[in-house]
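Structure below; questions to follow.
A short reminder: the numbers here are calculations on the coordinates, not readings from a lab. Everything numeric in this text was worked out from a predicted model, so none of it was measured. Note that each Cβ is placed from the backbone with ideal geometry, even for glycine, and that neighbours are counted across all protein chains shown.
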Amino acid sequence: MIRIARFVVALALCQGAATVHAASINVSVNATALKALEITKLQDLDLGTITLGPGTWSNASVSISQLGAFACPPVNITCAGATSVASYNVQGSNKGTVSISAPNVTLINQNDSSQRLTLAVDSPTSVVIPNSGQPGVNFSIGGSITVNSTTGGGVYVGTFNVTVDYQ
């Protein structure tokens, strides 16, 4: 009889454990898939022809803004020829915000590689892609160089290192 009583008590304890209530909650799951970014060069940056004036002078800055505004100081130098900003197209996901990185560029004189100028880059920090795929969005990069009376004559050439990435 004692065994039966113990069994009944054990059975009652097990039934009490079965009455414990479980808790649950629904949680949303999100995933965002972005199209791979594609960047294409549309045109090169060109500051035209810069003619150095006579005498001893320094810090004459020639620039073109990312919007295409060209500036050439009227003292010590003369600027001529067609100018243009560097232009790019980036494509990716609709409404994707893309950061733009373009560090300064070292320009090397093609007649004397020891002669160098630094192009201080003027670029947007980001753009928003208005659609998926084509046509994407265009952006421009400008910059400025500083010349002086001792700047060597010749064609100065450099290469942009433009990087785009989703923010």
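With a 10 Å cut-off between alpha carbons and a GNM built on the chain, which of ALA69, ALA23, ALA102 moves the most?
ALA23
Can you run phi through the Karplus equation (6.51, -1.76, 1.60; θ = phi - 60°) for the stretch 87-102 and list ³J(HN,Hα) in whole Hz, with x for Gly and Pro?
Rounded to whole hertz, the list is 10, 9, 10, 10, 10, x, 8, 3, 6, x, 8, 10, 7, 10, 10, 9.
Counting alpha carbon pairs within less than 8 Å and at least 6 residues apart, what relative contact order, in whole percent, applies to the stretch 83-145?
Values: 123 pairs, mean separation 28.6, N = 63.
It rounds to 45 percent for the stretch 83-145.
Only Cα pairs under 8 Å and at least 6 apart count here; give the relative contact order of the chain as a rounded whole percent. Numbers along the way, then the final one.
Working: 335 pairs, mean separation 43.5, N = 167.
Result for the chain is 26 percent.
Compute the FRET efficiency between ILE25 and SER65 as 1/(1 + (r/R0)^6), taking r as their Cβ-Cβ distance and R0 = 41 Å, and round to the nearest 0.05.
Details: r = 54 Å, r/R0 = 1.32.
Efficiency, from the Cβ-Cβ distance: 0.15.
Now for a separate question. Using Kirkwood radius over Cα pairs in Å as the read-out, say which of [x] 18.6; [y] 16.4; [z] 20.7 was calculated from these coordinates.
The value computed from this structure is option [z].
Related question: What angle, in degrees between 0 and 90 and rounded to the nearest 10, separates the Cα long axis of helix 2-18 from the longest principal axis of the Cα atoms of the chain?
Approximately 30 degrees, to the nearest 10.
I'd like the FRET efficiency for LYS95 and GLN43, computed as 1/(1 + (r/R0)^6) with the beta carbon distance as r and R0 of 30 Å, rounded to 0.05. Walk me through the numbers before you get to the answer.
On the way: r = 26 Å, r/R0 = 0.88.
Once rounded, the FRET efficiency stands at 0.70.
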